[in-house]
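Note sheet for the following structure.
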Amino acid sequence: MSQTVYDIPVTTIEGQPTSLADYRGKVLLVVNVASKCGLTPQYEGLQTLYADKQAAGLEVLGFPANNFLAQEPGTEADIQQFCQLEYNVSFPMFAKISVAGEDTHPLYQQLTAAQPAATGEGPMREKLQGAVAKYPELVVNA
């Protein structure tokens with residue numbers, strides 16, 4: 001039997017080993033995040049989405065990553081404090097992982113392997129074209 005995302009070991013931001021099994025049957029939005037990134041304000045939108053849709057079965061799962069220009073240099077405690085103080089994040093956050101490169105976490109290996117083929121269309125693709133050329137390790141499926 002093949003492993004699913006629900007079986008892959010992860011660690012909460014508080015340092016507790018767990019898996020995503022508790023989220024089985026829900027819609028999962030798995031997001032790599034960073035506190036020193038141009039996209040850091042996405043925390044506000046993610047929190048709003050989570051607050052609005054959690055009761056309908058949506059779970060936003062935040063996975064801090066330091067892969068891109070070292071934009072998540074802090075410890076888990078630093079990240080947790082930042083998320084609470086700056087964005088009042090209440091969605092589940094997990095320990096920092098690698099989302100690209102040779103040491104990519106098994107969760108992101110599974111997610112990127114399962115992604116559908118990109119169509120090459122969409123507004124985000126245009127925004128990310130420069131980043132894709134500059135950072136070929138980015139996986140873009142806009």
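The values are calculated or read from the model by the stated rules, or taken from the named source; none is laboratory data. Please read all numbers here as calculations on a predicted model, not as lab measurements. A quick note on method: Cβ atoms are made from the backbone with ideal geometry, for glycine too, and the neighbour counts reach across all protein chains shown.
Before moving on, here are some points about what is shown:
Residues checked against (1) surrounded by 12 or more Cβ atoms within 10 Å (Cβ to Cβ); (2) touching a residue at least 24 places away in the same chain (Cβ under 8 Å):
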{"residue": "Gly38", "(1), (2)": "no, no"}
{"residue": "Tyr43", "(1), (2)": "yes, yes"}
{"residue": "Leu49", "(1), (2)": "yes, no"}
{"residue": "Gly62", "(1), (2)": "yes, yes"}
{"residue": "Cys83", "(1), (2)": "yes, yes"}
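- Val5 surrounded by 13 or more Cβ atoms within 10 Å (Cβ to Cβ), within 16 Å of the chain's Cα centre (by Cα) and within 13 Å of Tyr87 (Cβ to Cβ): no
- A residue that is at pLDDT 95 or above, of a type in the set (Asp, Glu) and outside any loop (DSSP other than H, G, I, E, B) cannot be found anywhere in the range 81-91.
- Selection status of Phe68, part of a loop (DSSP other than H, G, I, E, B) and at pLDDT 95 or above: no
- Breaking point among (1) hydroxyl-bearing (Ser, Thr, Tyr); (2) crowded, with 16+ Cβ neighbours inside 10 Å; (3) under 14 Å from the mean Cα position of the chain (by Cα), for Tyr23: (3)
- A search for C-beta distances below 8 Å between a residue of the range 3-32 that is in contact (Cβ under 8 Å) with a residue 40 or more places away in the chain and over 18 Å from Leu58 (Cβ atoms) and any residue that is part of a loop (DSSP other than H, G, I, E, B) and hydrophobic (A, V, I, L, M, F, W, C), counting only pairs 6+ apart in sequence or on different chains, returns Ile8/Leu20; Val10/Leu20; Val10/Ala95; Thr11/Ala95; Thr12/Ala95; Ile13/Ala95; Gly15/Ala95.
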